[in-house]
Amino acid sequence: MSGRYHVPAVLSRPDVAGEGAIGVLALQGAFIEHVAALTEIGVATREVRLPEHIAGLSGLIIPGGESTVIGKLMVKYELDSAIRSFVADGGAIWGTCAGMILLANDVGRDQPLLNLLDIDVERNAYGSQLASFEEDVALPDLGIADLRAVFIRAPVVARVGPNVRIEARDGRGNVVAVSCGNILATAFHPELTADRRLHASFAKHAGQAAAAVS
Ligand code: GLN
């Protein structure tokens with residue numbers, strides 16, 4: 001492909017995990033923390049930097065970071081269309097914070113989005129970096145209570161489409177986690193705490209989704 005940088009094999013390591021691994025989009029942001037979280041619970045992972053790194057994955061995590069930067073790099077490396085095809089083929093996807101923004105249909109401004117989830121998102125809804133905070137949230141449909149949620153310049157979901165399920169709200173009533181089929185989005189950063197329940201839940205769901213497709 002023209003116009004893209006050479007990515008050294010030592011950085012891309014697409015072979016470290018075989019079929020059914022969970023990929024972590026590794027363009028910018030908190031991807032190392034997701035890789036570490038999955039590794040901790042024994043889930044095979046692969047850092048995804050190019051479209052060919054997606055082959056054979058059961059799930060993909062889009063980390064927090066800067067959604068404009070991640071979005072632009074996604075387009076540059078043709079990962080946007082590859083990720084859409086992955087999800088259309090039954091792959092599971094989970095966006096955290098900036099990842100949630102990238103999954104959305106509308107964020108009120110012009111930036112590259114995946115448009116995979118029928119939600120509108122308000123970026124930086126709680127204010128600046130200084131307004132970052134932590135609180136416990138519950139995701140009852142996933143069987144998870146008292147999950148410490150870290151919000152860092154986090155978005156909130158301002159509109160939820162008819163097929164989208166609300167998974168969690170913050171203490172003020174804002175929607176901070178949603179799902180639709182194989183797509184999960186959380187406004188907070190579960191990879192920054194020691195609680196691995198959400199990673200385990202996503203890995204299990206992704207494995208079941210992959211088994212159902214194959
Ligand atoms: N505020 C960032 C954005 O709009 C997201 C912050 C995060 O991912 N922690 O992209």
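Rule-based calculations on the coordinates, nothing more; no lab input. Since this is a predicted model, take the numbers as computed values, not measurements. All Cβ positions, even for glycine, are placed from backbone atoms using ideal geometry, and neighbour counts span all protein chains on display.
Between Arg159 and Glu19, what is the FRET efficiency for a Förster distance of 45 Å, r being their Cβ-Cβ separation, to the nearest 0.05? Before the final figure, lay out the partial values.
Details: r = 37 Å, r/R0 = 0.82.
About 0.75, to the nearest 0.05.
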>> Modelling each spin label as a point 7 Å along the Cα-to-Cβ direction, I'd like the Thr39/Ala145 distance in nm, to one decimal.
In response: 3.4 nm
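Rounded, prolate or oblate: which fits segment 164-206, taking a ≥ b ≥ c as square roots of the Cα gyration tensor eigenvalues, rounded meaning a/c under 1.5, else prolate when a/b beats b/c? Present the calculation step by step, with values, prior to reporting the outcome.
Values: a/c = 2.68, a/b = 1.15, b/c = 2.33.
Taking the square roots of the gyration eigenvalues as a ≥ b ≥ c, segment 164-206 is oblate.
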> Tell me, Glu66, Glu19, Glu33 in order of fewest to most beta-carbon neighbours within 10 Å?
Replying inline: Glu19, Glu66, Glu33
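Give me Cys180, Cys97 ranked fewest to most by other Cβ atoms within 10 Å of their Cβ, as a rough exposure proxy. Don't skip to the answer; put the middle values down first.
On the way: Cys180 18, Cys97 31.
Ranking Cys180, Cys97 by Cβ neighbours within 10 Å, fewest first, gives Cys180, Cys97.
Shape verdict for segment 9-213, please, from the Cα gyration tensor: rounded (a/c under 1.5), prolate (a/b greater than b/c) or oblate.
Working: a/c = 1.44, a/b = 1.27, b/c = 1.13.
In terms of gyration-tensor shape, rounded.
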> Roughly how many nanometres apart are two label points built 7 Å out from the Cα toward the Cβ at Ile166 and Lys204?
Replying inline: 2.5 nm
> Using the count of nearby Cβ atoms within 10 Å as a rough guide to exposure, how do Met74, Met100 rank from fewest to most?
Replying inline: Met74, Met100
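Could you tell me whether segment 104-213 comes out rounded, prolate or oblate from its Cα gyration tensor? Rule is a ≥ b ≥ c as square roots of the eigenvalues, rounded for a/c under 1.5, then prolate if a/b exceeds b/c, otherwise oblate. Intermediate results must be reported in sequence, preceding the final value.
On the way: a/c = 1.77, a/b = 1.14, b/c = 1.56.
Oblate, since a/c reaches 1.5 and b/c is not below a/b.
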> Can you give the angle from 0 to 90° between the axis of helix 67-76 and the longest principal axis of the chain, with both taken from C-alpha atoms, to the nearest 10?
Replying inline: 20 degrees
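Which percentage, to the nearest 5, of the DSSP beta bridges contained in segment 9-213 is antiparallel?
Numbers: 19 of 36 bridges.
Rounded to the nearest five, the antiparallel share is 55 percent.
For the chain, what is the mean residue ellipticity at 222 nm derived from helices alone (per DSSP H run of n ≥ 4: -39500 (n - 2.57); sum divided by total residues; nearest 500 deg cm²/dmol)?
Numbers: 6 runs with 57 residues, N = 214.
Result for the chain, helices only: -7500 deg cm²/dmol.
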